[in-house]
1. Can you name the residue in the stretch A:105-157 that is basic (Lys, Arg) and open to solvent by 40 Å² or more (accessible area, probe 1.4 Å) and, of all such residues, is modelled with the lowest pLDDT?
2. Return the residue satisfying two criteria in turn: it lies in the stretch C:109-146 and is basic (Lys, Arg) and without any contact (Cβ under 8 Å) to a residue 40 or more places away in the chain, and of such residues it is surrounded by the fewest Cβ atoms within 10 Å (Cβ to Cβ).
3. If only one of B:Ile77, B:Ile81 is part of a helix (DSSP H, G or I), β-branched (Val, Ile, Thr) and open to solvent by 50 Å² or more (accessible area, probe 1.4 Å), which one is it?
4. Being open to solvent by 50 Å² or more (accessible area, probe 1.4 Å) and assigned to a loop (DSSP other than H, G, I, E, B) is the filter; apply it to the stretch A:194-251 and report the residue that is farthest from the other protein chains (Cβ to nearest Cβ).
5. Quick check on C:Tyr84: is it in contact (Cβ under 8 Å) with a residue 12 or more places away in the chain, open to solvent by 10 Å² or more (accessible area, probe 1.4 Å) and within 26 Å of A:Asn76 (Cβ to Cβ)?
6. Taking the stretch B:255-280 as the region of interest, how many residues are open to solvent by 10 Å² or more (accessible area, probe 1.4 Å) and either within 14 Å of chain C (Cβ to nearest Cβ) or farther than 12 Å from B:Ile48 by Cα (or both)?
7. Could you check how many residues of the stretch B:84-97 are under 20 Å from B:Leu207 (Cα atoms), open to solvent by 20 Å² or more (accessible area, probe 1.4 Å) and either more than 7 Å from chain A (Cβ to nearest Cβ) or touching a residue at least 12 places away in the same chain (Cβ under 8 Å) (or both)?
Amino acid sequence: MASMDIRVGDTARAVSPAALQRSGSQTILAVLTGLAALASFAIIFLMLFFLIAYAYPAIRFNGIEFFTSGIWNIGNQYGSGTMTRNGFSAQPGASFGALVFIFGTLLTGALTMVVAVPLSLMVALSLVYTVPKRLRPIANALVELMAGVPSVVYGLWGMVVLVPWIGEKLAPWVTAHLGFVPFLGGSAGSGNGLAASVFILSLMVIPIMVATTRDVMLAQSNSLFEASMALGSTSWQAMTRAVLPSVRSGVVASVLLAFGRALGETMAVLMVCGAAINSYPENIFSPVNTIAAVIVSQLESALTDASGMAQRSLAELACALFVITLIINVVARGIMRGADRREGRAA
Amino acid sequence: MAIARTGVAPKSWASRTWWTFSTACLIAVIGVLFSIFAFVMARGFPAIKLSLFTTSTHGTAGGLLNAIAGTFLLVVIGLAIVTLVGLGTAIWTVEFAPLWAKRVIRFMVDVLAGVPSIVVGYFLYVALVEEAGWGFSLVAGAIALAIFMLPYVVRAADVAFSNVPRTVREGAVALGARPAMVIFSIDFPWALPGILTGLLVATGIGLGETAPLIYTAGWSNYLPTLAPTHSPVGYLTYVVWTYISQPFEASHQLAYAAAALLMIFIFATNLLARSFVEYRTNRSR
Amino acid sequence: MRKTLALAFAALLAAGALGSGKAMAGTSLLETGSTLVYPLMNLWVADYQKDHKDVQITTQGTGSGTGISQAISGVAQIGASDAYMADSQMKSSPMLNIPLAISAQQINYNIPGLNNKHLHLSGPVLAGIYSGQIKYWDDKQIAELNHGIKLPHHEIVPIHRADGSGDTFIFSQYLSFSTPSWKNGPGYGTTISWPSVGNAVGANGNPGMVQTCRNTRYSIAYIGVSFLDETNKAGLGYAALKNRSGRFVLPNASTIHAAASALGSKTPRDERISLVFAPGAESYPIINYEYAIVNPHQQDAGKAADLKKFLMWAIAKDGGQQARFLNAVHFLPLPEKIVQLSKEQIEKIK
């Protein structure tokens with residue numbers, strides 16, 4: 001890159017693309033950049049292949065129990081002997097049922113969407129239509145800067161500010177006064193749990209969702225909104241009948257992407273989720289656990305398993321999370337591409 | 001840029017409620033996010049002293065020099081990797097790839113952006129740290145960061161290269177420049193602000209990562225050595241995550257200081273990235 | 001572009017110069033593992049470094065399991081662990097288990113109005129609470145142990161560690177050794193399969209335990225003694241526990257010392273022994289050795305020498321066993337006999 005001699009005057013050469021393809025430096029560049037372009041494939045497939053290969057003994061050992069049982073027990077490392085199933089052995093008493101974690105992951109993700117989607121839509125609409133023109137760049141910048149706050153910083157705030165507030169103020173009040181509503185009554189818990197996780201995750205995905213839905217709205221709806229208004233609609237009608245339907249697929253895709261992000265988020269959730277094991281949440285303040293958080297918090301004890309099955313079962317968990325997020329991402333990107341093509345934008 | 005919409009007067013009761021509610025949501029969200037920022041700065045700022053930048057973490061307290069140096073080293077090497085791979089990917093996609101390959105590559109890069117950080121971290125831990133026997137190391141950590149940065153850099157460079165005006169390129173080709181030459185003498189200078197924006201955004205991502213580094217870079221109380229393997233590296237996010245859990249007030253101070261520094265670094269890179277965007281849009285007008 | 005690259009390269013070189021300048025000075029050791037040992041290790045290393053500038057010791061609080069596994073794989077030279085290695089692990093990878101200090105664990109609770117009193121609790125009662133059979137603080141079994149104290153009719157919230165932990169190991173050992181039904185049920189280990197109790201809460205690390213217990217009224221938790229200052233600050237009560245002789249004792253220097261000396265003579269040459277539920281009228285029932293897990297066959301002779309030197313210092317009376325280190329984390333020094341056994345083990349490092 002350092003030396004580039006620009007021989008712009010060298011016009012004798014033919015400029016047909018075919019001739020250019022034959023030139024030597026051209027081929028080298030094509031091959032080198034082509035190799036670089038293979039990287040993203042290679043990473044995804046290597047990762048999938050490697051994790052599955054590594055988890056294979058666990059996949060055989062655990063069988064369907066992995067998805068149907070909620071008991072995660074690495075077995076007694078101080079016990080004698082091993083237990084063997086399908087030719088693979090683990091510590092005595094071992095049971096690797098991931099249902100609690102899979103359920104917790106999907107539940108926190110889904111509830112996060114319930115909270116964050118309407119809020120993000122509102123914020124995006126507000127950024128596009130209601131914020132005074134002069135304040136718009138500032139509001140935009142604030143929301144975008146917040147998308148860059150690291151996960152541990154959210155976790156830090158969650159641990160020191162949010163969790164004590166939920167545990168001391170919110171949860172006791174809600175369980176006492178709104179306890180008759182399903183999933184709001186019962187034990188107020190410690191503050192660590194479903195509510196705190198959903199709160200933090202929402203904060204983390206809102207800036208991302210706002211940025212994407214806002215861009216979709218800016219790109220799509222300007223003329224629609226104005227045409228609709230010109231035809232005499234109220235702004236409410238213009239919004240609900242013209243703008244929102246037109247951005248639907250873009251919004252759906254961004255929601256799916258945010259959902260994928262929420263499922264895979266690790267550090268912040270780990271710091272506030274209450275790390276439930278072997279138990280399902282009974283109300284919104286109950287401790288939960290997610291696959292990503294479990295991989296970090298359980299790797300530690302998995303390493304004490306001399307049979308290695310606990311570590312391989314964590315790899316199976318990582319595979320499960322990988323596949324879930326992969327599917328969500330592929331679907332989301334598919335929707336996005338489809339929408340782009342339908343609406344005549346360059347894919 | 002879209003045409004600016006000046007405040008549209010709400011006409012009906014439904015519209016008015018809608019308008020008020022969405023503004024309230026905006027204020028609430030910005031309010032909460034701002035309070036997080038204020039909290040971290042209020043706790044972290046008083047803890048930032050000159051000695052943080054001159055001494056390394058020492059026992060339960062000390063400074064942050066090792067973590068700052070490690071963070072920057074990891075990010076710089078991650079950037080070096082991602083610049084090579086990311087720009088290569090973008091050049092191939094824009095210049096050489098047939099249409100179907102363009103689609104597939106862009107798709108894969110987007111999908112890569114959605115892979116959870118812990119999955120990448122666990123994969124690299126098993127593959128590089130244990131199986132390959134690298135131990136906790138600079139290279140393992142930098143690779144982890146590079147994987148996270150890749151989609152942002154590829155996307156930015158892809159857009160930047162694609163937006164180079166065709167007339168300029170065709171002019172160069174007509175004057176006899178070879179495509180390789182066109183890439184370096186026309187595309188690069190033209191796309192540079194866009195690429196730099198992508199690299200800055202990637203820097204922000206790299207600065208804030210934790211989960212993939214815990215089991216690849218490890219942690220060290222000392223200044224990073226340049227040894228590519230078998231030498232763990234410290235970084236700021238680790239201080240936030242671990243030191244807040246120590247039973248000492250001095251450790252908490254360090255965690256808050258690290259959090260505040262991270263926010264400052266990340267906001268600075270993001271602001272810089274934004275200013276590049278402004279520059280680019282101004283120029284293209 | 002060229003400029004950025006040049007800048008990046010310069011930054012690399014500068015950082016490298018900074019780093020290598022220090023690295024040239026001597027060997028580097030990595031200690032990783034138990035979060036209970038981590039604060040002590042930090043105090044030790046900071047002091048040790050003053051007189052030993054030729055060696056770099058990096059400390060990491062990752063957890064006992066990571067400590068053991070990375071000592072085995074050779075990633076770390078010292079794996080700190082609250083629990084000794086299991087036979088199954090020793091069979092596949094024989095390691096030295098070297099005690100560094102003695103730690104204890106207190107049972108904390110948050111009962112408004114009673115936190116300044118030391119409740120009497122026993123292994124079977126704790127097992128009943130953690131398995132969901134004892135649901136209220138005024139349960140007959142708790143009341144029997146605490147005559148004259150008015151216990152509230154409130155649901156108990158049992159808090160346990162969510163991550164793998166030496167604290168879970170010694171707590172579940174106390175339950176197993178004192179309660180047959182627990183021994184045949186969940187048993188003991190660094191992670192156990194907790195019985196499903198509706199309002200039980202999992203917390204990460206000892207700080208998580210302290211915070212959760214402070215925030216949750218009528219909760220109970222087991223917390224490492226290095227966090228005593230934190231639990232006191234949080235205003236939590238701590239229990240007097242029933243020992244093997246049937247007496248209720250509080251954790252303090254003399255009761256921990258009594259338990260350690262009761263089992264000190266029984267400590268085998270490889271020093272893998274549980275100190276939980278020790279005999280003796282004054283013995284506090286939940287104490288343990290904090291171990292350094294070390295591979296006797298080091299790959300690097302220089303590292304082996306520095307490693308031996310540091311470990312010898314750590315167990316020396318005028319070295320790591322000084323009160324100014326141990327008191328800060330409420331650990332107790334090793335008895336003389338154990339120091340001797342540890343020395344013999346350290347000599348095996350090559």
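The values are calculated or read from the model by the stated rules, or taken from the named source; none is laboratory data. Everything quoted here is computed from the prediction, not taken from an experiment. Glycine gets a Cβ as well: all are built from the backbone with ideal geometry, and neighbour counts include every protein chain shown. Just the protein is used for accessible areas: all its heavy atoms, side chains included, with ligands, DNA and RNA removed. Shrake-Rupley method; radii C 1.70, N 1.55, O 1.52, S 1.80 Å.
1. Here the answer is A:Lys133.
2. If we take residues in the stretch C:109-146 being basic (Lys, Arg) and without any contact (Cβ under 8 Å) to a residue 40 or more places away in the chain, then C:Lys140 is surrounded by the fewest Cβ atoms within 10 Å (Cβ to Cβ).
3. Just one listed residue meets the conditions, B:Ile81.
4. A:Leu231
5. yes
6. Count: 14.
7. Matching residues across the stretch B:84-97 total 1.
Yes/no per residue for (1) of a type outside the set (Phe, Trp, Tyr); (2) under 16 Å from the mean Cα position of the chain (by Cα):
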{"residue": "C:Gly237", "(1), (2)": "yes, no"}
{"residue": "C:Phe248", "(1), (2)": "no, no"}
{"residue": "C:Ile256", "(1), (2)": "yes, yes"}
{"residue": "C:Tyr291", "(1), (2)": "no, yes"}
{"residue": "C:Gln298", "(1), (2)": "yes, no"}
{"residue": "C:Ala328", "(1), (2)": "yes, yes"}
{"residue": "C:Lys337", "(1), (2)": "yes, no"}
{"residue": "C:Lys350", "(1), (2)": "yes, no"}
